[in-house]
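The block underneath contains the structure these notes are about, expressed in structure tokens.
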Amino acid sequence: MTLIIMLEFFGRNEMTPLDSLDSKIQTLENVFKIRMNGMIAMLKNIKKHQTKPTVEMLQALIEEAEFSRKPIMEQKVRFEEKRRIKEYLKLQFQIKTINASYTVFTSRLSI
């Protein structure tokens, strides 16, 4: 069984027992180097076109979130001011209606 496996190995790799393995090993090393360089190039491409833009977008979102905290506080202040203005206008309207009803009431008394 072992002899059959050895013969299949030499047949598959197109070798004879008399061939030296140095040239085959160097060829395999070159193939591996080429494949590794290709993989490295693919990983660099992924990093350049997919990972970096994602990181930059996240950083921009974080910076904008920190930057936009002040306007949120300003918006709260503006909302509070608007609420106070509405209350003031309501009070003004109530005062005018009270004054109008008072003048109507006093005009009826004087008649």
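The values are calculated or read from the model by the stated rules, or taken from the named source; none is laboratory data. In this text, all values refer to a predicted model and were calculated from it rather than measured experimentally. Because the Cβ atoms are built from the backbone with ideal geometry, glycine has one as well, and the counts that use them run over all protein chains shown. Note: areas computed on protein heavy atoms with side chains; ligands, DNA, RNA excluded. Shrake-Rupley method; radii C 1.70, N 1.55, O 1.52, S 1.80 Å.
Things to note:
- Residue within the range 94-111 that is at pLDDT below 80 and within 44 Å of the chain's Cα centre (by Cα) present: no
- When the range 63-93 is limited to residues that are at pLDDT 80 or above and among the hydrophobic types (A, V, I, L, M, F, W, C), the one that is farthest from the chain's Cα centre (by Cα) turns out to be Phe93.
- Every pair of residues 6+ apart whose Cβ atoms lie under 7 Å, when the first sits in the range 4-23 and is open to solvent by less than 70 Å² (accessible area, probe 1.4 Å) while the second is polar (S, T, N, Q) and part of a loop (DSSP other than H, G, I, E, B): Phe10/Thr16
- Condition met for Glu29 (at pLDDT 85 or above, under 46 Å from the mean Cα position of the chain (by Cα) and among the acidic types (Asp, Glu)): yes
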